[in-house]
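Take a look at the structure below.
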Amino acid sequence: MRILLLVDRYLPSPMSSAKMIHDLATEMVNQGHDAIVVTGDDTLDTEIQVSEEGDVTVVRTKSGKIRHSSRVARAINEIRLSGIIWNTAQDFFKTHPCDLVIYYSPTIFWTGLIRKLKALTGCGSYLVLRDLFPQWAVDAGLLKRYGLAYWFFRLQELRLYETADVIGVQSPANLDYFSSPSLRGRYKLEVLFNWTRVAERPIVPAKLRVRLGLQDKVIFVYGGNLGVAQDIDNILRLAASLADEKNVAFLLLGEGSESDRIKREIETRKLANVVMHPAVPTGEYLDIVAECDVGVITLRRDLKTQNFPGKMLSYMELQKPMLASINPGNDLSAIIESRDAGLVCNNGEDEVFRQHTLTLARDRDLRLRMGMNAYRLLREQFDVSTAVRQILGHFASEHP
C-alpha cells in the first residue's frame, strides 16, 4: 500500500508526535509499504519541499508557527494548516494517490484535507487520537464549557471524527469518553497504545552532569511539553520540599506555553535543585535523558480525560524507572505499577510524591530493576511493529 501520514510537525522537531510518526512510517516501509509523511514547517524558504529521508518520502509545506506561539496564533495557524497543505501539495497528491491516510491529532483541524484526499483517491482513513480536545482544556480551566470558543472547537472535533474509518485512542479509559449519548455507537473505536521503534543506536555522552554542575546527583528528568495540562508546578512543589536533599536534582528539558512563567517561578523561589534546558532535536534529547536516572511524568489533577504522555516511551527505551504524579483514574497507574516499572501517585498527594522520589533517589538497585522492567514493558506493549499491524489490519482485505 501507499500510505500517507499527516502530522502538524515532523523531525527534526523534538515533539513526541514527530518521532512517533517517523517510527510508524519507517516500520511501514520495513513491512513492505510505501510511506509518505506530509507536514507543515514554519522554517521553509520555499512553499513546498519534497525529500527522501531514509526510505520515507517527506513533503513539507510552508506554514505558520504552531508550537511555542501564543494560543491565539497557534489556533489560527492550526486552522489554516489543512488548507495550506492542500493548496500547496495537491499536484503531488494527484500524482501520488494513496491507499490509506493516517492522521495524528492534535491538531483537530485535518477535516478539510482528509475529505479532499478521500474524494480524490477513495482511500481509507485512520485517526490516531492522542488528545481529547477541547475537553481537556475545559478541565484545565482554559475554556469555559458551552462558551463560543468551546462550541467552535467542539464542532471541529466532531467533524474530525466523522472523517475516520477507524479511531485509535491511547487508553482504555478514553473509550469511556465516547460512551456519552451524543457519541455512543457513532464511530469505530479501538485502543491504540503509543509506540516507539527501538533503534540500535550508540548513545553519545552529552556530558550533561559536568555542563550543568550535576555531578554526583540523582537526576530526575522531565522531558517534553511545558504546558498547562502537564502542571509543571507539581514538580516545583516537589523540588521545594526536597531542597535539603543535596544529592537530588530536577531537569526540565523542553519548551511550551508555560516555559517563561516556570523559569520566573524557579528564580523567584530560588529553587537551586531545578535546572531548565531548552528543547533539542530527538537524537540529542535521547543522549541527555540517557545520562539521567529517573523519568518524571506529571499531569494536572483536574483532567478528566486520560493521557499516556509520549515522553514515557523514551524513558522506557533508555531503561529509566518512572516517577509519575497523575490525574486520578488514569490507566497509566495500573500499567506502570503492574509491571514494577516505576512509582505512581495522584497529583495532589504531595507527601507520597516526595517519598516516592526519596525511595528512588536512595536505592540504585531499585532504579536499575525498575528501569529494566520499563524496557521489557516497552518491547511487549509499545513496540511500533505492533501498532503497524494493528492499524493496517483494518485495511488489509482492501489492499492485500
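The values are calculated or read from the model by the stated rules, or taken from the named source; none is laboratory data. Every value quoted in this text rests on a predicted model; they were computed, and no experiment measured them. Ideal geometry is used to build each Cβ from the backbone, glycine not excepted, and the neighbour counts take in all protein chains shown.
Of all the listed residues (212, 183), the sole one being over 21 Å from the mean Cα position of the chain (by Cα), of a type in the set (A, V, I, L, M, F, W, C), within 26 Å of residue 390 (Cα to Cα) and surrounded by fewer than 21 Cβ atoms within 10 Å (Cβ to Cβ) is 183. Could you list all residues from the stretch 1-31 that are part of a helix (DSSP H, G or I) and among the acidic types (Asp, Glu)? Passing the criteria: 23, 27.
When you scan the stretch 381-390, do you find a residue that is of a type in the set (Asp, Glu) and in a helix (DSSP H, G or I), even just one? No, every residue in the stretch 381-390 fails to be of a type in the set (Asp, Glu) and in a helix (DSSP H, G or I). The sole residue among 280, 274 that is in contact with a strand residue (DSSP E or B) (Cβ under 9 Å, 6 or more places away or on another chain), modelled with pLDDT of 95 or more, assigned by TED's automatic domain parsing to the domain that holds residue 239 and of a type in the set (Val, Ile, Thr) is 274. Selection of the stretch 45-57 for residues being modelled with pLDDT under 95 and not charged (D, E, K, R) yields only 54. Would you point out the residue of the stretch 188-209, among those that are over 22 Å from the mean Cα position of the chain (by Cα) and surrounded by 17 or more Cβ atoms within 10 Å (Cβ to Cβ), that is farthest from residue 139 (Cα to Cα)? Here the residue is 206. Select from the stretch 265-281 the residues that are surrounded by 18 or more Cβ atoms within 10 Å (Cβ to Cβ) and assigned to a helix (DSSP H, G or I) and list them in ascending order. The one that is surrounded by 18 or more Cβ atoms within 10 Å (Cβ to Cβ) and assigned to a helix (DSSP H, G or I): 266.
Residues of the stretch 119-150 that are more than 23 Å from residue 20 (Cβ to Cβ) and either buried (at least 22 other Cβ atoms within 10 Å of the Cβ) or not small (Gly, Ala, Ser) (or both): 120, 121, 138, 139, 142, 143, 144, 145, 146, 148, 150. Does residue 28 satisfy the condition of being in contact with a Ser or Thr (Cβ under 8 Å, 6 or more places away or on another chain) and not assigned by TED's automatic domain parsing to the domain that holds residue 287? In short, no. Can you find even one residue in the stretch 177-198 that is of a type in the set (Gly, Ala, Ser), within 22 Å of residue 367 (Cβ to Cβ) and out of contact with any strand residue (DSSP E or B) (no Cβ under 9 Å at 6 or more places or on another chain)? No, the stretch 177-198 has no match at all. Scanning the stretch 36-88 for residues that are more than 23 Å from residue 115 (Cα to Cα), surrounded by 14 or more Cβ atoms within 10 Å (Cβ to Cβ) and of a type in the set (Val, Ile, Thr) returns a single hit, 56.
Pairs needed: first member in the stretch 62-86, under 18 Å from residue 49 (Cβ atoms); second member anywhere, loosely packed, with under 15 Cβ neighbours inside 10 Å and aliphatic (A, V, I, L, M); C-beta distance under 6 Å; at least 6 residues apart or different chains. Within 6 Å, the pairs are 62/44.
Residue-wise test of (1) at pLDDT below 95; (2) aliphatic (A, V, I, L, M).
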| position | (1), (2) |
| --- | --- |
| 97 | no, no |
| 103 | no, no |
| 106 | yes, no |
| 109 | no, no |
| 127 | no, yes |
| 135 | yes, no |
| 155 | no, yes |
| 158 | no, yes |
| 168 | no, no |
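Hey, any hits in the stretch 84-99 for a residue that's of a type in the set (S, T, N, Q), in the same structural domain as residue 170 (by TED's automatic domain parsing) and touching a strand residue (DSSP E or B) at 6+ places or on another chain (Cβ under 7 Å)? Yes.
If the requirement is being in contact with a Pro (Cβ under 8 Å, 6 or more places away or on another chain) and among the basic types (Lys, Arg), which of these qualifies: 154, 159, 115? Can you show your working first?
Values: 159 fails: in contact with a Pro (Cβ under 8 Å, 6 or more places away or on another chain); 115 fails: in contact with a Pro (Cβ under 8 Å, 6 or more places away or on another chain).
Residue meeting the stated conditions: 154.
Tell me, please, whether a residue that is within 19 Å of the chain's Cα centre (by Cα) and either assigned to a loop (DSSP other than H, G, I, E, B) or closer than 30 Å to residue 6 by Cα (or both) can be found in the stretch 232-251. Yes, the stretch 232-251 has at least one match. Considering the conditions (1) in the same structural domain as residue 22 (by TED's automatic domain parsing); (2) touching a residue at least 12 places away in the same chain (Cβ under 8 Å), residue 203 is excluded by exactly one of them, (1).
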